[in-house]
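First up is the structure itself, then whatever we jot down about it.
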Ligand code: HSE
């Protein structure tokens, strides 16, 4: 039987889950794949953590050089996260002729061009299914199964922490700060939640997913980003009354005029499948010219779901000849011929606080018409202290026209724009 030795770098949630799956399913993989996959070494500074998983002390390496020079090891799992030391370790492992399986979205997003070059030079595999959307098998779907398509759009809820927070804010009307505190207590949100709540995590994932989808490099720096820290529960409740769910959405579109990539809170009509993806679940909704619409749904994080993606890559690497590379020219920067659309089109929800006076509404709507924005709905809520909340929904319009209108309204003295949320009907 073919023997495949694995090393795991970092035994946190993901590395620990991977170890558990590999050891518990070893016989199962023997039987079904004809490969004997054994964990030969781990690299983990916290030796107690390794030993608590039942790992023999003799298998705990002291440094990356020990992993690189161990001839029993064929595949190395990188589940450390962040850029350093993960990047140096991955490069050392590839240069030692071993394949790498990584769950590190930031590393793959920012440096895949460099890692891929070194992997190719050493004829090693570089696998990254676990880098995006945890246990949801979207990378292989894009790399292999959906190759018969020109993919025109990819829309996803690709961050579990923010989906959990927005779902709870929607269920109980609580503020962002209160729900975040509760999510941190329950272990759903990190002690430092910045990467998740400010949308960076989703941006890294969208950069990888849209590069694969559109067969061209989509650098993360081209992606418009807005997190959820300013979301007001009032808008979630107004949205609900209008039949919308609020989600942190990652949007990638590839059209005649170029590529549009953005991450921001979005109202989605409740009959859209993505509107019903709640709590820490993730989903990616892909549209291809042959397949039409495909939605992949599941756990985007967690020890066993992400471990499932890593082990899938290890088995793929163990049972396939050759290496697995991206389907685009993986350069550091975008191809100069690629156009990125910054002034994108969307429907909008705006909440204004206006003075309750005759003629105010016509003054406000004149700013919209001046910029060619067509209003689809206006809802006036009950006045409080002489101020009226006014909800305005627009038809499809350009982002820059909305920004100009908002600036003018804020400067006019008749209205203050309290919220701007993009809408998918
Ligand atoms: N922190 C991520 C999330 C999971 O909340 O979805 C790892 O990418």
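Just so it is clear, none of the values below were taken in a lab; they were calculated from the coordinates. Computed from a prediction, not measured in an experiment: that's the story for all the values here. For neighbour counting, all protein chains shown are included, and Cβ atoms are generated from backbone atoms with ideal geometry for every residue, glycine included.
List of remarks:
- Springs join every pair of Cα atoms under 10 Å in this Gaussian network model of the chain, and among 244, 316, 281 the largest mean-square fluctuation is at 316.
- Computed [θ] at 222 nm, helices only, for the chain once each DSSP H run of length n ≥ 4 contributes -39500 (n - 2.57): -10500 deg cm²/dmol
- Highest-first packing order for the peptide set 191-197, 162-168 is 162-168, 191-197, based on the mean count of other beta carbon atoms within 10 Å.
- Take each peptide in 94-106, 76-88, 137-149, count the other Cβ atoms within 10 Å of every residue, and average; sorted highest first, the result is 94-106, 76-88, 137-149.
- Helix 86-95 vs. the chain, principal-axis angle (Cα, 0 to 90°, nearest 10): 40 degrees
- When the chain is treated as a Gaussian network with alpha carbon springs shorter than 10 Å, the biggest mean-square fluctuation among 23, 266, 161 belongs to 23.
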